[in-house]
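Novice: Have a look at this one before I ask anything.
The values are calculated or read from the model by the stated rules, or taken from the named source; none is laboratory data. Quantities reported herein were computed from a predicted structural model and do not represent experimental measurements. Here the Cβ positions follow ideal geometry from the backbone for every residue, glycine too, while neighbour counts run over all protein chains shown. Surface areas here come from the heavy atoms of the whole protein model, side chains and all, with no ligands, DNA or RNA. Shrake-Rupley method; radii C 1.70, N 1.55, O 1.52, S 1.80 Å.
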Amino acid sequence: MKALVFGEFPDPMAPRPPDEAPHLVRQLASTPMSLQDIPEPKPLGPDWAVIRPRLTGICGSDTKQVLMDYEHGEDSPMTAFISFPQVLGHEVVATIEELGPEVDGFEPGQRVVLNPWLSCAPRGVTPLCPACQAGDWSLCWSFFDGRLERGIHTGNSSDATGGFAELVPAHQQMMIPVPDGIADEVAVLGDPFAVCLHAITRNPPPPGGKALVYGAGALGTCATAILRALYPSVDVATVAAWDAQAMLAKRLGATVFLPEPREELVERLADWSGGVLRRPWGGLPLCYPGFIDVAYDTIGAPATFEVEMRVLKARGTMVQLGLYTWSRGEFSPLYFKELRWVGSNAFGIEEVEGVRKHGITHYLDLAASGRIDLTGMLTHTFALDDWRDAWMTLIEQETTGAIKVAFDFR
């Protein structure tokens, strides 16, 4: 089958981009990924299946890895959790191709969304660890154990190849049925939606409060949609860098701000929220008192955190969904305001309006009922052969208007 294999250095892209080309364009030209023919996967155990992707979204983590967009990547502790070579791609809507003899409740040809976590059950580890017993599969204790090579989710274990390929192995716990009325283009957004659902429902804004969403890519768009749909009394501000992102955030009901210049952003957020600006000798002003209750950061850079710390209320909450390269930052408001800084890792079993089920299942139900409408978020699709064009579209999103890009296998 055809697959994009990462971890083997191909011949450089021809012609080679000039030295003055943008950094990420030059990185794409030399990324250790190429389209190859590899053996078709088989079920990795009797309770595993093989699924055939219909659409596979490109996650922000995929993009950072493919473009090697890490200033200090050699220092990341997460490199302990991966094995090579890899076939990336974990945002998958697919049809079931083959079922192992112990898979129950599924049929060949059925459409499913991939729940990518390689936790205890897929690894054949018993008894389940405490995190898996609680439905927190992204915090599983067994990412190095069992019948699979190390890796936290599909695409970063050499055994569990991902959706940048024509076939994907999936454990029965990793398949979530798609209702007949849900289009592939809707279902493929389940993963990023569930990431934001996890972050928001576990760190919710208070009724009648104010929430800030920093970033308006796939995660920022989903976060804005969730806040407006599930917390209608909350005022939402979204920071969007590009016109296409800003237009979608406005349609979803947010007040939209540009990220630069940052001093002006702080001033505008203060005006929007009622915060009182205090100006230091140098650097950005801060709100004291501030009146933004919680910030959901889908970027995770020092520049974004510096703004959030300055506009949040005392004992407000910063929720980190995204991650970017860090160099330095001025973080004194963190201790002065006694802010709560919380990491948010992916998704599992989530509680929404008193009901506990998988975050992706919540999304499919909310989409089917019309309460969530992410129309316009999937902006571009490509054939797998055109994978370089897909990443160029993401690199040039200011002009392309890209938000979510996916590979189309149909």
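Novice: Is it the case that some residue within segment 20-35 is under 26 Å from L148 (Cβ atoms) and either modelled with pLDDT of 95 or more or open to solvent by 30 Å² or more (accessible area, probe 1.4 Å) (or both)?
Specialist: Going through segment 20-35, the residues under 26 Å from L148 (Cβ atoms) turn out to be 31-35.
When the remaining residues are screened for being either modelled with pLDDT of 95 or more or open to solvent by 30 Å² or more (accessible area, probe 1.4 Å) (or both), the result is 35.
Within segment 20-35, one or more residues are under 26 Å from L148 (Cβ atoms) and either modelled with pLDDT of 95 or more or open to solvent by 30 Å² or more (accessible area, probe 1.4 Å) (or both).
Novice: So which residues in segment 247-268 are over 20 Å from T317 (Cα atoms) and buried (at least 23 other Cβ atoms within 10 Å of the Cβ), if there are any at all?
Specialist: Matches in segment 247-268: L248, A249, L252.
Novice: Further question on the same structure: Restricted to segment 282-303, and to residues that are farther than 18 Å from I200 by Cβ and part of a strand (DSSP E or B), which residue is least open to solvent (accessible area, probe 1.4 Å)?
Specialist: C287
Novice: If you go through segment 187-246 one residue at a time, how many are free of Cβ contacts under 8 Å to residues at least 40 places away in the same chain, of a type in the set (F, W, Y) and open to solvent by less than 10 Å² (accessible area, probe 1.4 Å)?
Specialist: 0
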